[in-house]
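For reference, the structure discussed in these notes is given below.
Please treat every number below as a calculation from the coordinates, not as lab data. Since this is a predicted model, take the numbers as computed values, not measurements. When we count neighbours, we look across all protein chains shown, and the Cβ atoms used for this are built from the backbone with ideal geometry, even at glycine.
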Amino acid sequence: MEQRGINIGSERLFIAIRLPEQLRAALGQRCRRLASELEFSKWVHAEDYHITLQFLGDTAPEKIPPLIDALKVATVGVTPFQLSVQQWGTFGPSSSPRVLWCGITGDLLPLHNLQQAVTSATLPLGFTGEERKYSPHITLARKYKGERPYSSEGLHALQSTGIAEDGDIEDVPWTVDSMVIFVTRMNKSPMYEVVEKISFF
């Protein structure tokens with residue numbers, strides 16, 4: 001059983017789908033180009049790109065083995081499915097958004113079913129899911145700080161330049177064949193470390 005990153009004291013955990021290495025690199029390259037034009041306080045490290053399934057929060061080490069066992073049981077019968085990145089958008093005020101994100105398309109029903117299976121499996125262990133509707137996405141940057149108001153039109157123009165220079169990464173499918181439990185390492189970059197990888201068969 002792989003349990004890297006488990007220390008004495010609680011661990012800040014969440015369950016996620018990790019993007020494949022090639023897509024992380026391509027998306028990271030696109031974001032580095034955008035970062036020179038879009039003033040966000042923090043751009044997410046490419047190694048940290050993911051789709052959250054459930055945030056667990058501070059978790060005692062002794063809860064981690066039964067958590068892993070519960071998730072393995074919950075994913076019995078889950079088969080690989082395909083996703084791709086698509087439109088980009090923001091959360092928060094349109095002129096000063098708090099989050100820049102990349103949307104997800106593809107086999108969304110299996111993704112939503114997986115998220116529900118995860119939250120159902122963790123509930124008996126004392127973890128509760130969010131009440132708001134599940135909205136899968138990839139967080140790319142946080143807290144816009146530009147002097148000029150943020151412009152979605154400007155983002156689309158910059159993206160078009162990126163497609164011309166770096167290639168099109170939107171609508172290119174990848175196969176989701178696993179999920180991971182991440183632990184957060186504050187003040188490190190990248191800041192997410194894999195505690196356990198759970199594969200689908």
| request: Using only Cα atoms, locate the centre of region 114-139 and the centre of region 8-24, then give the distance between them in Å, rounded to an integer. | output: 15 Å
| query | For region 11-199, what is the largest minus smallest coordinate of the Cα atoms on each principal axis, given in angstrom and ordered from greatest to least? | reply | 48, 31, 28
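So if I take the alpha carbon set of region 1-110, get Rg, then get Rh from the Kirkwood formula, what is the Rg over Rh ratio?
Rounded to two decimals, Rg over Rh is 1.01.
As an exercise, use a Förster radius of 41 Å and the Cβ-Cβ distance of Glu147 and His112 to find the FRET efficiency, rounded to the nearest 0.05. Can you show the working numbers first?
Working: r = 40 Å, r/R0 = 0.97.
E between Glu147 and His112, to the nearest 0.05, is 0.55.
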| Which of Val176, Gly154, Gly129 sits farthest toward the positive end of the charge dipole of region 129-201, with +1 on the Cβ of Lys and Arg and -1 on the Cβ of Asp and Glu? | Gly129
| task | Quick one: give the max-minus-min coordinate of the C-alpha atoms of region 35-85 along each principal axis, largest first, in Å. | result | 46, 32, 15
| task | Give the peptides 179-190, 127-138 in descending order of average Cβ contacts within 10 Å, highest first. | result | 179-190, 127-138
| remark: Under 5 Å from the placed amide H of Gly146, counting only residues 5+ away or on other chains, we find Glu39
| field | ³J(HN,Hα), Karplus 6.51/-1.76/1.60, whole Hz, each residue of region 98-112, x for Gly, Pro | value | 8, 9, 9, 9, 10, x, 10, 9, x, 7, 6, 4, x, 5, 5
